[in-house]
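Data first, discussion second: the structure below is written as structure tokens.
What follows is calculated from the coordinates using simple rules that are stated; it is not laboratory data. This one's a predicted model, so the numbers in the text were calculated from it and none came from an experiment. Note: ideal-geometry Cβ built from the backbone for every residue, glycine included; neighbour counts use all protein chains shown.
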Amino acid sequence: MSRIPPKSLSEMENIEEKYKKKLEMEEKLGRKEGMADAYGNLGIIYLTLGHLDNAEEMFKKSLELEEELADKEGMASDYGYLGTIYQTRSNLEQAEIMYKKSLEINQSLGRKEGMATIYGKLGEIYYTRRDLDQAEDMFKKSLEVEETADKKGAIATIYGYLGDIYRLKNNWNQAEEMYNKGLKIFEAIGSEHMIEIMRTMLTNLKMKKKQS
């Protein structure tokens, strides 16, 4: 499946119309693979627009066809997107179920990039629950893959999460190390918003270290 998230509202509207027409044509021809692709792309559009109910419906229809076609890669993608929908709704239990299904398939296929993404998503869920040990484990697994792929933005974000985890565990030195690593990368890629966040976290951390 070639799924490219749209970048602007007008582009999304154009692509939505394109995939609706494609879906209609594929349905007439009875081509399940094409139908699954159209449903998946419509799901991405609705997810991007924040139309979660429509997105969920599209990904479920895509998933049903992917299962019939035994398209493991497509199934892993659909489960991942469904996890994102449930996570956005704060339905963490259902999101975790979807992410774990996606992870299992990605692992069986040896898809490291997919594994890294899902490890990160599971890390976010455990972090939200303040299940810090599990969150740390997931983020470290994600980091290992992202470092190999040299995905700087993802690496810096993970360092930020690990900094938060160590801060909540009162491991001030480890937290400071992670924040500094994240800050250095964000500075290198010019992410002004995240640079400010990292600097604020470091300032607050230094104040806590003095008070402790």
Study note, to complete from the structure: The convex hull of the Cα atoms of the stretch 74-115, divided by residue count, gives a volume in Å³ per residue of 49 Å³
Practice item. Of the listed pairs K152/K184; K20/K100; K112/K140; K22/K121; K140/K184; K60/K101, which have alpha-carbon separations greater than 21 Å here? Key: K20/K100; K22/K121
Point to revise | Where only alpha carbons of the chain are counted, the Rg and the Dmax (Å) | key: 19.6, 70
Point to revise | Additional length obtainable on full extension of the chain from K169 to S212, 0.36 nm per residue less Cα span | key: 14.1 nm
Point to revise | Pairwise label distance in nanometres, S8 with R199, each label 7 Å out on the Cα-Cβ vector | key: 3.2 nm
Exercise for review: Report, in degrees rounded to the nearest 10, the 0 to 90 angle that the Cα long axis of helix 72-88 makes with the longest principal axis of the chain.
Suggested key: 60 degrees
Review point. How big, on average over all directions, is the shadow cast by the Cα convex hull of the stretch 26-113, in nm²?
Key: 5.6 nm²
Review point. Nearest 10 degrees, 0 to 90: what angle lies between the long axis of helix 9-29 and the longest principal axis of the chain (Cα atoms)?
Key: 40 degrees
Study note, to complete from the structure: At the level of C-alpha centres, the distance separating the stretch 10-53 and the stretch 87-150, in angstrom, is 27 Å
**Study point:** Nearest 10 degrees, 0 to 90: helix 92-109 Cα axis against the chain principal axis
**Key:** 80 degrees
Review point. Given just the C-alpha atoms of the stretch 132-212, how large is their convex hull per residue in cubic angstrom?
Key: 71 Å³
